[in-house]
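Inspection log for the structure reproduced underneath, given as structure tokens.
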Amino acid sequence: MSDPFSGKAAVVTGAASGIGRALATALAGRGARVALLDVDGEGAERVAASLSRDGAGEALGMRCDVTDAADCARAIEHVVARWGGVDLLVNNAGISHHSPAIETPPEVIRRVMDVNFFGAVHCTHAALPSLVARRGRIVAISSVAGFAPLIGRVGYAASKHALHGYFDSLRAELADRGVAVTLVCPAYADTAIDRHAIGAEQEPVKKRTVGRLLSADEVATAVLQGVEREARQVEVSWVAKSSYWLWTLAPRAYEHLMRNRS
């Protein structure tokens, strides 16, 4: 049986490190042609070069600032010109912040929204004609904070909630056009997003997590499995699944547990 990703053209944002790098590596290993987009263009190029050198598949690294719609359009145009179109778009690029709402200036929330939400919108809008033409697939890397609250990171939670509103609606719009949309909600993962968060230097987060930290490779595996079965939403790990149901069925209890662990 042929691999469903073999020969497909995939675009992964935030691909120079963390979950994005793990996803690009996994896709290349399964025969996909992978465009790695990142504001750290040199990092994306290094990862792409290592994938090509290792014989994992054809990879292309490009600098792309997802907050710039024109930059996203240029990157997608380059991929379409090189490989004929886009079969899979993974909106992974993201940032966070550390601060309670009362201490968080609106410009911080705006910055987080620009990267996490509008970055995904920009890339999706640019790739959508090709994705529709090729009956492709769209992935948005959300979080448990995409369906439940998160104390001390209200802007991050807001940006992830916005992803759900946009991509759940987009899925409904594309239902008859053969394009699958998957939202992925990991629990805490072992990546650099919190170390590089806005405000982390003033107020480092001491995570009191439930269960162990997920590795980037574990999240990448869950993403590709979700894409293969055209899942609407993937809660990665038992913590994420439990959080979803607890928040859905007993929101006061969820808030109480979260406050006690903050």
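Across region 6-57, C-alpha contacts under 8 Å between residues 6 or more apart give a mean separation that, scaled by the residue count, equals a relative contact order of 39 percent.
Pairs of Cα atoms nearer than 8 Å and 6+ residues apart set the relative contact order; for the chain it is 17 percent.
Relative to the longest principal axis of the Cα atoms of the chain, the long axis of helix 41-53 makes an angle of roughly 50 degrees. Computed over protein heavy atoms with a 1.4 Å probe, the accessible surface of the chain works out to 47 Å² per residue.
Relative protection proxy for 32-45, 146-159, 58-71, 8-21, from highest mean packing down: 8-21, 32-45, 146-159, 58-71 (other beta-carbon atoms within 10 angstrom).
Here the sum of -39500 (n - 2.57) over DSSP H runs of 4 or more residues, divided by the residues of the chain, equals -14500 deg cm²/dmol at 222 nm, to the nearest 500.
The values are calculated or read from the model by the stated rules, or taken from the named source; none is laboratory data. Just so we're clear, the structure is a prediction, and the values are computed from it rather than from any experiment. Cβ atoms come from the backbone with ideal geometry, glycine included; neighbour counts cover every protein chain shown. Calculation scope for accessible area: heavy atoms of the full protein, side chains included, ligands and nucleic acids excluded. Shrake-Rupley method; radii C 1.70, N 1.55, O 1.52, S 1.80 Å.
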